[in-house]
Amino acid sequence: MKHSNRTLLKGGHVLTLDPALGNLRQADLLIEDTTIAAIAPSLSLNDAQVIDASHMIVMPGLIDTHRHLWETSIRGIAADYTLSQYLKHILGTFAPVYRPEDVYIGNLLGVLEAINAGITTIFDWSHIMNTPQHAEAAIRGLRDSGARAIFGYGTPGTSVWEWFYESKLMHPEDIKRIQSQYFASIDNLVTLAMAIRGPEHSTLEVTRHDIILARELGLPISMHIGGGSFGLKYQGVRKLQEAGLLGPDLNFAHGNTLSVEDLQLLALHGCSLSITPEIEMQMGLGFPVTGSALAYEINTGLGIDVVTGTGGDMFSQMRMALQTERALYNQDYIAKGEMPETLPISVKDILQMATIGGATALGLAYKTGSLTPGKQADIIMIDSHSLNLFPVNDPVSAVVLQAHPANVDTVFIAGKAVKQHGHLRYHNLERVREQALASRDYLIEKSKVNSLAMQT
Ligand SMILES: [Zn+2]
């Protein structure tokens with residue numbers, strides 16, 4: 001008699017991302033209910049369901065620390081956008097016409113895409129809280145997906161000009177109702193955070209109000225910082241420091257223009273960073289601060305940001321962050337007529353950022369981010385027989401440099417298999433596609449923009 005709540009992953013190449021356990025060339029991992037019960041070279045149990053992992057890389061699920069999921073249905077629209085074009089067209093034109101059902105299907109489709117690509121935890125930075133129903137639809141989309149998610153309750157998308165340009169509008173009070181109605185327990189897969197505008201997009205008075213409100217509610221806080229000219233103009237970290245508001249509950253997205261002093265302040269106060277390398281480079285935010293984040297030992301994760309302008313998988317972001325940092329470093333030598341002797345950042349550094357680093361940045365390292373007995377069983381298996389990976393000589397370089405979403409064979413979230421044998425186990429994908437298409441058609445029609453016209 002086999003217990004359905006015990007699953008044994010047998011003989012995988014296990015990358016634990018737990019410094020005490022390291023990498024195990026051939027090991028078994030036992031899942032019991034929602035958690036990782038044991039990892040050892042050989043576990044023998046006669047009451048577990050056994051899954052052959054002998055040609056799999058077994059590792060923690062990837063963590064996307066910063067994404068605006070509601071934009072999934074208008075994927076690719078902003079491929080050639082600068083930040084100001086994005087603000088004008090996506091936040092200024094699309095967001096106001098979004099209905100709750102558009103937010104729902106954007107979120108659901110976005111997280112299903114993420115799970116399929118091996119992402120088990122995602123931070124949804126949701127600045128589309130146009131009505132209370134929009135917030136509820138966003139939460140429903142996250143919950144229906146089956147992923148671990150943080151719902152970053154943001155501001156309305158009704159007017160980017162009023163809400164994102166030196167805004168004097170305080171964060172919506174409805175977050176209190178949302179918290180008591182939907183987030184009574186912190187043990188759920190989906191938990192709550194506050195996505196605030198901060199000093200680059202609202203006045204210091206508003207920022208102070210918003211941070212105090214979040215702290216009264218006991219919620220983690222995320223804001224954009226150091227984004228191109230906004231960062232240089234508003235000097236957000238310095239303002240937060242002077243106001244005595246920096247703290248370990250603050251997560252900052254981007255940070256491209258931060259000074260050495262700013263970065264040292266983030267490290268000192270235990271703040272975290274979310275680097276979204278591809279979008280930062282596209283939209284003129286600046287070069288990713290990947291190397292500095294490592295050098296100053298800031299809790300740092302990676303993120304995808306928006307699929308209006310990039311793809312929805314973390315493999316691409318890992319490579320973007322890694323090779324950009326290397327190119328910047330190498331260029332200093334080339335400029336002097338020299339060649340670099342070493343590289344400044346390794347594949348292991350980047351894999352850590354995409355897993356345990358992200359979990360730490362989001363305050364979730366106590367339950368996810370590494371394969372550690374006692375933590376939640378958020379696990380992915382990557383098929384090392386895939387032609388683009390075979391033969392695997394170094395599993396870390398295989399994951400960081402060579403893998404793509406189709407190599408993700410299996411995904412467990414809290415011990416539940418949500419992708420197996422290369423297929424998402426979601427019950428009705430066709431319905432999701434239908435709803436996403438209908439939403440997309442409505443949004444394009446209603447916003448009266450098309451991708452050609454939007455290039456100005
Ligand atoms: Zn963002």
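Let me spell out the model: positive unit charges on the Cβ of Lys and Arg, negative unit charges on the Cβ of Asp and Glu, origin at the Cα centre of the chain. What dipole size does that give, in debye rounded to 20? Each step should come with its number before you reach the end.
Details: 34 positive and 46 negative charges, 110 e Å.
Around 520 debye, computed over the chain.
Going by average Cβ neighbours within 10 Å, how do the peptides 432-444, 296-308 rank, with the highest at the top?
Values: 432-444: 16.4, 296-308: 25.5.
Going from most to least packed, we get 296-308, 432-444.
A 25 angstrom limit on the alpha carbon distance is what I want to check against. Which of Lys375/Lys416; Lys233/Lys336; Lys176/Lys419; Lys239/Lys367; Lys176/Lys446 exceed it? Can you show the working numbers first?
On the way: Lys375/Lys416 14 Å; Lys233/Lys336 32 Å; Lys176/Lys419 35 Å; Lys239/Lys367 33 Å; Lys176/Lys446 32 Å.
Result: Lys233/Lys336; Lys176/Lys419; Lys239/Lys367; Lys176/Lys446 exceed 25 Å.
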* Asked: Where does helix 100-116 land angle-wise versus the long Cα axis of the chain, in degrees 0 to 90, nearest 10?
  -> 30
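Ratio to report: Rg/Rh of segment 62-360, with Cα atoms as the point set and Rh obtained by the Kirkwood method; give two decimals. Walk me through the numbers on the way to the answer.
Working: Rg = 18.1 Å, Rh = 19.1 Å.
Dividing the radius of gyration by the Kirkwood radius yields 0.95.
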* To do: Find out how many positive minus negative residues lie around Pro100, taking Lys and Arg as positive, Asp and Glu as negative, among other residues whose Cβ is under 13 Å from that of Pro100.
  => -1
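Set the Förster radius R0 to 35 Å, insert the Cβ-Cβ distance between Arg425 and Ser259 as r into 1/(1 + (r/R0)^6), and round the FRET efficiency to 0.05. Spell out each step's value before the answer.
Details: r = 47 Å, r/R0 = 1.35.
The value I calculate is 0.15.
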* Could you work out how far helix 314-335 tilts from the main Cα principal axis of the chain, as a 0 to 90 degree angle to the nearest 10? => 70
* Among Leu343, His254, Met59, flag the residue with its Cα farthest along the positive direction of the charge dipole of the chain, charges on Cβ as +1 for Lys/Arg and -1 for Asp/Glu. => Met59
* Highest-first arrangement of 137-149, 102-114, 214-226, where packing means the average Cβ count within 10 Å -> 102-114, 137-149, 214-226
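Highest first, please rank the peptides 241-248, 116-123, 62-69, 328-335 by the mean number of other Cβ atoms sitting within 10 Å of their residues. Mind dumping the intermediate values first?
On the way: 241-248: 14.1, 116-123: 28.0, 62-69: 30.6, 328-335: 12.2.
Ranked by mean Cβ neighbours within 10 Å, highest first: 62-69, 116-123, 241-248, 328-335.
Can you give the local net charge around Asn23? Use residues other than it whose beta-carbon is closer than 12 angstrom to its beta-carbon, Lys and Arg +1, Asp and Glu -1. Please list the in-between numbers first.
Working: positive: Arg25, Lys348; negative: Asp18, Asp394.
That works out to 0.
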* Asked: Where does each of Lys10, Lys446, Lys375, Lys336 land when they are ordered by accessible area, with a 1.4 Å probe and the largest first?
  -> Lys336, Lys446, Lys10, Lys375
* **Separation between Cα centres of segment 33-77 and segment 158-173, rounded to whole Å** => 38
* **Around Tyr165: net Lys/Arg minus Asp/Glu count, Cβ-Cβ under 13 Å** => +1
* Asked: For the charge dipole of segment 32-119, defined by +1 on Lys and Arg C-beta atoms and -1 on Asp and Glu C-beta atoms about the Cα centroid, which residue among Thr34, Asn46, Tyr98 has the Cα displaced farthest towards the positive pole?
  -> Tyr98
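Round to a whole number: what % of the accessible area of the chain belongs to carbon and sulfur, probe 1.4 Å?
It is 54 percent, rounded to a whole number.
Counting only C-alpha contacts under 8 Å and six or more residues apart, can you give the relative contact order of the chain as a whole percent? Before the final figure, lay out each step's value.
Numbers: 1024 pairs, mean separation 90.8, N = 456.
Relative contact order, the chain: 20 percent.
The values are calculated or read from the model by the stated rules, or taken from the named source; none is laboratory data. Since this is a predicted model, take the numbers as computed values, not measurements. Note that we place each Cβ from the backbone using ideal geometry, even for glycine, and neighbour counts take in every protein chain shown. Accessible surface is based on the protein model in full, side chains and every heavy atom, while ligands, DNA and RNA are left aside. Shrake-Rupley method; radii C 1.70, N 1.55, O 1.52, S 1.80 Å.
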